[in-house]
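Single-structure report; data block below.
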């Protein structure tokens, strides 16, 4: 990352959690500009306003990452206003928890639409912008440990995140001739607002008395290290994988406290 003059970075799902942590970290590195995308316009603006070391240009774009027409507009905006794209963090996603027999087709399709279609559309939009850049680019896709280990109740979410890993590998092969590196991070539990959408987590909060206690309890019993990574930990690893000096592509970095062992 430090080998480039005024690099431009894009982050999806930037309003909260890992995406917001990546925005805070990349704001110090993407001196050419930062493009933040999320469906939640209010939270997205709040994230942008709170950046302490922001580049001169920060753009926020509020839309559903599964909307192909909006991605076409985003591509044209970036090409026109920034003229390049160096880094992308494919982070937008939603969670879902229910047994296969209790999951409706609409629920299944919505998870696939955001988590997998959205990532596909992101890659389809950003890779041409990186090909036009003589230095290529780097992309990090946020998958999940749920892509690697089966647990009851996460069929839709786990399948979508597993699909992301193969999408990442194909993108890495297709991007390599143009010096576009594509990697994935598969976190275990990371304390983000997404957990509040999980019924079992809500039950654990009721049992332990707080979200913090519930998260600690989950890590204690679910990982050999008895702890999970934080959003800022993941953001630092994202920055490492984006760094120009890295020879890594097509790889998945599992950051789960040993959950998948």
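The values are calculated or read from the model by the stated rules, or taken from the named source; none is laboratory data. These numbers were taken from a predicted model, which means no experiment stands behind them. All Cβ positions, glycine included, derive from the backbone under ideal geometry; neighbour counts span all protein chains shown.
Might you let me know whether the stretch 237-248 holds any residue that is under 19 Å from the mean Cα position of the chain (by Cα), closer than 15 Å to residue 142 by Cβ, modelled with pLDDT of 75 or more and in a loop (DSSP other than H, G, I, E, B)?
Looking for residues that are under 19 Å from the mean Cα position of the chain (by Cα), closer than 15 Å to residue 142 by Cβ, modelled with pLDDT of 75 or more and in a loop (DSSP other than H, G, I, E, B), one finds none in the stretch 237-248, hence no.
Against the conditions (1) in a helix (DSSP H, G or I); (2) surrounded by fewer than 18 Cβ atoms within 10 Å (Cβ to Cβ), where does residue 172 fall short? Just the number, please.
If we test residue 172 against (1) in a helix (DSSP H, G or I); (2) surrounded by fewer than 18 Cβ atoms within 10 Å (Cβ to Cβ), just (2) comes out false.
Taking the conditions exactly as written (more than 29 Å from residue 9 (Cβ to Cβ) and surrounded by 14 or more Cβ atoms within 10 Å (Cβ to Cβ)), does residue 216 satisfy them or not? Even if it seems obvious, please write down each step before you answer.
Working: more than 29 Å from residue 9 (Cβ to Cβ): yes; surrounded by 14 or more Cβ atoms within 10 Å (Cβ to Cβ): yes.
It is true that residue 216 is more than 29 Å from residue 9 (Cβ to Cβ) and surrounded by 14 or more Cβ atoms within 10 Å (Cβ to Cβ).
Output the residues belonging to the stretch 28-43 that are in contact with a helix residue (DSSP H, G or I) (Cβ under 9 Å, 6 or more places away or on another chain), modelled with pLDDT of 95 or more and under 19 Å from residue 87 (Cα atoms).
33, 34, 35, 36, 37, 38
Is it the case that residue 98 is farther than 30 Å from residue 59 by Cα, more than 21 Å from the chain's Cα centre (by Cα), at pLDDT 95 or above and surrounded by fewer than 23 Cβ atoms within 10 Å (Cβ to Cβ)?
The answer is no for residue 98.
If you take the residues of the stretch 31-75 that are assigned to a loop (DSSP other than H, G, I, E, B) and within 19 Å of the chain's Cα centre (by Cα), which of them is surrounded by the most Cβ atoms within 10 Å (Cβ to Cβ)?
Taking the candidates together, the pick is 65.
Out of all the residues in the stretch 28-43, which are over 20 Å from residue 246 (Cα atoms) and touching a residue at least 12 places away in the same chain (Cβ under 8 Å)?
Of everything in the stretch 28-43, those that are over 20 Å from residue 246 (Cα atoms) and touching a residue at least 12 places away in the same chain (Cβ under 8 Å) turn out to be 32, 33, 34, 35, 36, 37, 38, 39, 40, 41, 43.
For residue 114, are the conditions met, namely being within 21 Å of residue 39 (Cβ to Cβ) and surrounded by 23 or more Cβ atoms within 10 Å (Cβ to Cβ)?
Against the criterion (within 21 Å of residue 39 (Cβ to Cβ) and surrounded by 23 or more Cβ atoms within 10 Å (Cβ to Cβ)), residue 114 does not qualify.
Considering only residues of the stretch 130-151 that are within 24 Å of residue 260 (Cα to Cα) and free of Cβ contacts under 8 Å to residues at least 24 places away in the same chain, which is surrounded by the most Cβ atoms within 10 Å (Cβ to Cβ)?
Filtering first and then ranking leaves 146.
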